[in-house]
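Some notes on the structure that comes next.
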Amino acid sequence: MVLNLTLKVHPVVLFQIINAYERRNLDRTSILGTLLGTIDKNCVEVSNCFVVPHSISPQDGTVSIEMHIADTMYKLNKQVHPAEVIVGWWATGFEVTSIAVPINDYYARQCPKPVHILVDTTCRTGKLSIKGFVQVDIGVPDRSQGAMFSPIPVELLTYPPEAVAVKTLLKTRLTPSGKTEPRAELPQITEACGDMEEALNFVLNYVEDVMADRIAADNSIGRNLLKLVQTVPKMNTSELDNMLNANIKDLLMSMYLAQLTRVQVQLNEKLLMSSTNLNPNQ
């Protein structure tokens, strides 16, 4: 079960963890919290999280979690996102520590098989390291028992609006002020078409190199390319042009109607303000 488990994390979860780490008290080296999301067979999708205050005893190293705060935060989140449930917990750091076992025991009472996400916010390897774990029992039956955290694969999952937001945030690295403005729809479409063309050229060059025996073929890449080709509907050039032109016309019409509505609302606001100024008794 552990080997087949896949952990999918949304970018908003990582942003919340990094934000909580940057806002922590300076005397704390790490923080932890609760992971929220959905469970579908052997796939855990993490879409939200929050911080849970905790303290570690300097004498014996025992950890104390503010359970009432965790329960309150979960109930409040349940009112906004009723479909999200507790799926595990997260912590900052670069390795699993000894306090992970008692913390995982607490979350095991909240969900059957809690997952653990470890985020290295110090970027020791030069990038943000994200690791996923799940606790498994080890030992001999009816004798000494123990536990270990087995790694599981982690994938970043983005919805289309999240992908646009992440791409916009990445552009701040190239600006001197560290700020950027969201672009309009048409420039985004142009940029996406350019990225798609570049990706297609890269794939075509790879296929040509494999056909010419310049590089060795990779079976996994071949299967993914076959799956990609099978998802594309079979149509000729004229049908594809008609589909693209129809979609572009629909987009332009939606943009025109949205702009027209915005202008109408602004005119109504100005007329209402002018009417109020001319008749102050109303």
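Restricting attention to segment 157-188, the residues that are within 19 Å of residue 252 (Cα to Cα) and either of a type in the set (S, T, N, Q) or at pLDDT below 75 (or both) add up to 6.
Restrict the check to segment 15-28 and report whether at least one residue is outside any strand (DSSP E or B), within 15 Å of residue 157 (Cα to Cα) and under 20 Å from the mean Cα position of the chain (by Cα). Looking for residues that are outside any strand (DSSP E or B), within 15 Å of residue 157 (Cα to Cα) and under 20 Å from the mean Cα position of the chain (by Cα), one finds at least one in segment 15-28, hence yes.
Here segment 221-262 is the region considered, the condition is being surrounded by 10 or more Cβ atoms within 10 Å (Cβ to Cβ) and among the β-branched types (Val, Ile, Thr), and the residue that is nearest to residue 193 (Cα to Cα) is 248.
Just to be sure I understand, how many residues within segment 158-168 are outside any helix (DSSP H, G or I) and surrounded by 15 or more Cβ atoms within 10 Å (Cβ to Cβ)? Let's see the steps before the verdict.
Of the residues in segment 158-168, the ones outside any helix (DSSP H, G or I) are 158-159.
Next, only the ones that are surrounded by 15 or more Cβ atoms within 10 Å (Cβ to Cβ) stay: 158.
Residues that pass the stated criteria total 1.
Restricting attention to segment 72-105, the residues that are under 26 Å from residue 59 (Cβ atoms) and surrounded by 12 or more Cβ atoms within 10 Å (Cβ to Cβ) total 14.
In segment 169-202, the qualifying residues are those that are among the small types (Gly, Ala, Ser) and either touching a Cys at 6+ places or on another chain (Cβ under 8 Å) or assigned to a helix (DSSP H, G or I) (or both), and the one that is surrounded by the most Cβ atoms within 10 Å (Cβ to Cβ) is 192. Does residue 42 meet the test of being crowded, with 17+ Cβ neighbours inside 10 Å and closer than 21 Å to residue 111 by Cβ? Spelling it out, it is not the case that residue 42 is crowded, with 17+ Cβ neighbours inside 10 Å and closer than 21 Å to residue 111 by Cβ.
Of all the numbered requirements in (1) under 16 Å from the mean Cα position of the chain (by Cα); (2) outside any loop (DSSP other than H, G, I, E, B); (3) in contact (Cβ under 8 Å) with a residue 40 or more places away in the chain, residue 116 misses one, and that requirement is (3).
The values are calculated or read from the model by the stated rules, or taken from the named source; none is laboratory data. These figures come from a predicted structure and were not determined experimentally. Virtual Cβ from ideal backbone geometry, glycine too; neighbours counted across all protein chains shown.
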